[in-house]
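Here's the structure we're looking at; comments come further down.
Where a number appears in this text, it was derived from the coordinates with a stated rule and is not lab data. What you see is a predicted model, and the numbers here were worked out from it, not measured in a lab. FYI the Cβ positions are ideal-geometry reconstructions off the backbone, even for glycines, and counts take in every protein chain you see.
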């Protein structure tokens, strides 16, 4: 009966620590997968692995970062199984030695403008931007969640924001671009 009590206590602790983060975890999974069923499966598998590994979690540390880290590993394993991991190393090579003109970001943007532009930049930049600017995670938390150095987080965030600004300018997002589009009709 003592084992049952320990198991119940472990479950209650898991519920208290992990379950409050499920909504944000699902939102992040939806962004990554862009498919509700896949995102639900990803979150479910993440929570199963988190529960099985909960004895390794250090109470008092950032549970959300720990869960995002598990989610990233689960997703990478699933992609590896499917054989569809796409890595475009040319983007870093192409942008490394170029100092492009960066058009100013319009004063007002719609959510749709931002989402369309965000989807056009490479996935590894999207992840860091989402975790930092949407999920309000620190560089240290992002580095732990994605299992990359903090310097890589800062670099991807800087380049990702740069690419996002260029994409928003290219798309002509915002009210000034809307008036130009309206005049050309």
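Sort 50-57, 155-162 by packing, meaning the average of other beta carbons within 10 Å per residue, with the highest value first.
Per-residue mean Cβ counts within 10 Å order the peptides as 155-162, 50-57.
Quick one: which of 11-19, 124-132 comes out on top by average Cβ neighbours within 10 Å, and what's the full order, highest first?
Answer by packing, highest mean first, reads 124-132, 11-19.
Fewest Cβ neighbours within 10 Å first, please rank 111, 8 accordingly.
Ranked by crowding around the Cβ, least crowded first: 111, 8.
Considering all projection directions equally, how large on average is the shadow of the alpha-carbon convex hull of segment 2-82, in square nanometres?
The Cα convex hull of segment 2-82, projected and averaged over all directions, gives 5.7 nm².
Tell me, in nm to one decimal, what length is gained between residue 16 and residue 58 on full extension, where the rule is 0.36 nm per residue of separation less the Cα-Cα distance?
Values: separation 42, 0.36 × 42 = 15.12 nm, distance 1.36 nm.
So the chain would gain 13.8 nm between residue 16 and residue 58.
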